[in-house]
Structure formats: C-alpha cells, structure tokens
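Working notes, structure below.
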Amino acid sequence: MPDALVPIPADRDVGADEQIAALLDYPTDEFRDQALAATSAAWRPAADHPRLWLQTYAALCKITWDHLQPRWQAARPIFDRAVERAGVASVRSGLDAVLDSLSPRIRYRHSDLLLNQEETMPVGDRELVLAPSIAPRDTYFINDSDATLLSVAYPVRSIQDRDDDLPLTDAPSLVLGSTRASMLRFLHGPRTVGAIATHLQISPSAVSRHCDQLASAGLIYRQRHGQRVEIIRTAAGTQLLDALSSK
C-alpha cells in the first residue's frame, strides 16, 4: 500500500485531523509514483488521478473519523488495558505471547511475524509499536517502511464480542446490551448473518451467539429460504424496542 495512506509516520501520537491535513498537502507526483509501484493493479486509477484520489480519500477519512470518534473515546478503557497488557508482558518476558495473539492472521515465530501463514516480516532489532484499534477481528495494518521502526495496528478483541466494556447511554442498550440493541434496530427487515456482521463490524460467530440469545427471548426468529437463512425481528422484538426507545 502507498505510504501516502498514513502520511505522518506512526513514531509519535498524531491526531486524525493532522493526518487528514497532511493527505490534502501530500505531493501529487510522489503519490503517483507510490501508486504505480504498488503490486495491485487496483491502484492504477489512483495513479491516473492522484490529486482527486487524495482529496476523496481525505474526505472519506474525515467522514469515518466523525462517525468513529465517539466509539473510540468510549473504548479508551479497553485501549488502556491493551497497552498495560503489552507493557507488563514486555517487562515479564512474555511479549512473545502478546505478539502471537494480535490477530488470527499474525503469528510470532523465531523473532519474525508470520503473516497469513506465508509472508515473513522480520522484527530484528527494530523498535516495535503496537497500536490497539477498532477493526474487524481479521484486520491488521503494518508499517515497515522505517528501518528502525515496525508498527502494527491490531483489533482489540473485547470490542468485537463484549457489551460490558463500553458505556451504555440509551435504554435499549442498557437492557439488551449495545450489540444486541444495535442488531435489533438493524432488523427492520429480514437480514442474513453476513449482512448483520458487516453492519456491526463483528464476526459472524458473534452474530450467531447474539441471535441465539435474542431468539431464546422471542425477539427474533430464523427463516430458511433454500441455502439462505434470514434473521427476522418478531412483533415482540419491535414492541420491546419501541417501548424502550420511547423512555
């Protein structure tokens, strides 16, 4: 991926607004060269229209951050625990176990990171920066462009599958849990497990667990159409949601 996607290196704490401003000021010719050098042909349109691409990407980053910032701030205690976990593990010579549990797609083997069971990323003597983040479970980002620094952004697992770590600010979330409340709201029409997982950015297995609980309470039911299974909100689920939302 082109270096321009993270215009300010991750060797210091940088705010989203500062990164977005750097995107808008990024040298067009430099970005074009990076896009042309990328291994995927998908970057060719960016190389053809580099300034337009940078402006559009910056605008999308701004929209995303405006949506994500409240959840990011609410998740601060989870991030703090992740940082503390890595720090304690490092002091107690247990960092290997932390690195081996960052993502299902990352394994730590003999001082190297093994990515997707095929690509080896040497750690060596480089300073290692671990950045807990809000992201789907199988997502990670690595920046190894600096010979002295290796940065890894990884998803914090408890954000994906637990409700009790984030403050609950509305009645449906307080009663049902934030994930199940969001799921019930999303079921204003039939949805598949995959659609729910994409909307809530959690794993399909987590969706299935929450569906089991909502179904046992009579708030949803499953309906099969050939190979397709749809999740449908019951009348009781709609009534409960309406009653709680009116409080």
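Using a 1.4 Å probe on the protein heavy atoms, what percent of the accessible area of the chain belongs to carbon and sulfur?
53
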How much length is gained if the chain between Asp29 and Ala89 is pulled fully straight, taking 0.36 nm per residue apart and subtracting their Cα-Cα distance, in nm to one decimal?
17.3 nm
For percent of Cα pairs over 34 Å apart, the choices are [x] 9; [y] 31; [z] 19; which was calculated from the structure?
[y]
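Which FRET efficiency value, to the nearest 0.05, is calculated for Gln213 and Leu5 with the Förster distance at 51 angstrom and r the Cβ-Cβ distance?
Working: r = 38 Å, r/R0 = 0.75.
The formula returns an efficiency of 0.85 here.
Run the dipole for the chain about the Cα centre, Lys and Arg Cβ at +1, Asp and Glu Cβ at -1, nothing else charged, and hand back the magnitude in debye, nearest 20. Let's see the in-between values first.
Details: 26 positive and 31 negative charges, 291 e Å.
So the dipole magnitude of the chain works out to roughly 1400 debye.
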Of Trp72, Trp43, which has the most accessible area with a 1.4 Å probe, and how do the rest follow in descending order?
Trp72, Trp43
Summing -39500 (n - 2.57) over every DSSP H run of at least 4 residues in the chain and dividing by its residue count gives a helix-only mean residue ellipticity at 222 nm, to the nearest 500 deg cm²/dmol, of -14500 deg cm²/dmol
With the other protein chains left in place, how much accessible area per residue, in square angstrom, belongs to the chain at a 1.4 angstrom probe?
58
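The values are calculated or read from the model by the stated rules, or taken from the named source; none is laboratory data. Please read these numbers as outputs of a predicted model, since none were measured by experiment. Cβ coordinates were reconstructed from backbone atoms using ideal geometry, including for glycine residues, and neighbour counts include every protein chain displayed. What goes into the accessible areas is simple: the full protein's heavy atoms, side chains included, and nothing from ligands, DNA or RNA. Shrake-Rupley method; radii C 1.70, N 1.55, O 1.52, S 1.80 Å.
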